[in-house]
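Everything on this sheet refers to the single structure shown next.
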Amino acid sequence: MAQTARVFIDGEAGTTGLGIRTRLADVAGIELKSLPDDRRKDPEARRALMGEVDLVVLCLPDAAARESVALADSLGARAPKVLDASTAHRVAPGWVYGFAELESCQAARIAAARRAVVPGCYATGAISLLRPLVDAGLLAPDYPVTINAVSGYSGGGKKMIAAHEETGGPAFELYGLGLEHKHLPEIAAYSRLTRRPIFVPSVGHYRQGMLVSVPLHLDTLPGAPTAAALEAALQARYAGAQRVRVVAPPAGGRIEPEALNDTDNLEVYVCANEAQRQAVLVARLDNLGKGASGAAVQNIRLMLGLSHG
């Protein structure tokens, strides 16, 4: 890789694109390349710029992301690496999943990838809780998992942001009740679940911050483990991780969603009542940080050889 890596953010005017630009401003060894406003949607201009850079980051709707990949592919040997922040390629063959803490070798896979994807925000929280337990044999792949989550309204795109900031928006609302949320395929695939989970997302009237929770009946899990065994499996998975850590449950029994705002960190909790043999797994993150732009920059650094993630 060149001493200074050139990066083009295709879709830099959106929430995720702007967040990536802001974070990359502090990263040495990267030169950002852009198009004039009147040429940002010009396919030929985008293709030409792709031929001049080392990495293209796609912050686009799914259909537009697929079109951009086709533009990059048309460059042949001059094609840059591609990091896609859309949903378009998250479970597609040939694309590396950009959750560096997924397993011990994942950061190396991302570093070697020509094509990688930024995980969804909800998916990041859910997978961080489920995958270590499935791998440890403490959660059966066909367990009937239920995932509940709440996010700040910034994760809902321009219309939702405008609705909350201009008209006040609802204090709280469930959505995705057709049970077809776009993050479900990656949650199932990268958690190694064989039974499709039930996922119920919601939005609160606050800008950013996310909680993802998974309730469990301990006696229905393989071997009827203790909550301490679940926590030990999570601790083992994230030992040494820079951005993910396992945290003791709060004494007051409450976890609020905004504590990690403006960071790229993720916290994992096992909250349990051993007498009742019940537990709730909780992940807390900033949906704009580790759930979006922060994860993207972590992947950019890995793909450009600027860090180990």
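Summing +1 for each Lys or Arg and -1 for each Asp or Glu among the other residues whose beta-carbon sits under 14 angstrom from that of Thr22 gives -3. Would you please classify the overall shape of segment 123-193 from the alpha carbon gyration tensor, given that a ≥ b ≥ c denote the square roots of the eigenvalues, rounded means a/c under 1.5, and beyond that prolate means a/b larger than b/c while oblate covers the rest? Note, shape of segment 123-193 comes out prolate. Packing, as the average of other Cβ atoms within 10 Å across residues, places the peptides 107-117, 267-277 in the order 107-117, 267-277, highest first. Considering only Cα atoms, the convex hull volume of segment 251-309 works out to 102 Å³ per residue. If the chain linking Thr22 and Ser307 were pulled fully straight, counting 0.36 nm for each residue of separation and taking away their Cα-Cα distance, it would gain 100.8 nm. For the residue pairs Lys159/Lys182; Lys182/Lys290; Lys41/Lys182; Lys33/Lys159, alpha carbon separations beyond 23 Å are given by Lys41/Lys182; Lys33/Lys159.
With the gyration tensor restricted to C-alpha atoms of segment 157-256, the semi-axes of the equivalent ellipsoid amount to 30, 19, 14 Å, longest first.
Counting only aspartates and glutamates at least 8 places from Lys81 when in the same chain, those with an alpha carbon closer than 14 Å to its own are Asp10, Glu52, Asp54, Asp73. Screening the chain for whole DSSP H helices with an alpha carbon extent of at least 24 angstrom along the helix axis and a mean Kyte-Doolittle hydropathy of at least 1.6 yields nothing. Give, rounded to the nearest 20 debye, the magnitude of the charge dipole that the chain has about its Cα centre when Lys and Arg contribute +1 at Cβ and Asp and Glu contribute -1 at Cβ. Magnitude of the dipole: close to 520 debye.
Using only side-chain charges placed at the Cβ, +1 for Lys and Arg and -1 for Asp and Glu, the dipole size of segment 254-309 relative to its Cα centre rounds to 180 debye.
Summarise the long-distance tail of P(r) for segment 209-286 by giving the % of C-alpha pairs beyond 22 Å. In whole percent, the long-distance tail amounts to 24. Its Cα gyration tensor gives the chain an equivalent ellipsoid. The semi-axes, each the square root of 5 times an eigenvalue, are 34, 22, 17 Å from largest down. Solvent-accessible area of segment 54-107 (1.4 angstrom probe, protein heavy atoms only): carbon and sulfur portion equals 57 percent. In the Gaussian network model of the chain, springs joining C-alpha atoms below 10 Å, which of Asp135, Asp37, Asp73 carries the largest mean-square fluctuation? Maximum among the listed residues: Asp37. Rounded to the nearest angstrom and listed largest first, the equivalent-ellipsoid semi-axes of segment 179-309 from its Cα gyration tensor are 26, 18, 17. Show log10 I(q)/I(0) for segment 51-175 at q = 0.10 Å⁻¹, two decimals, from a solvent-free Debye sum over equal Cα scatterers. Relative scattering, expressed as log10 I(q)/I(0), comes to -0.45.
The values are calculated or read from the model by the stated rules, or taken from the named source; none is laboratory data. Worth saying up front: this structure is predicted, and the values here are computed from it rather than measured. Don't worry about glycine lacking a Cβ; one is built from the backbone with ideal geometry, like all the others, and counts go over all protein chains shown. Accessible surface areas use protein heavy atoms only, side chains included; no ligands, DNA or RNA. Shrake-Rupley method; radii C 1.70, N 1.55, O 1.52, S 1.80 Å.
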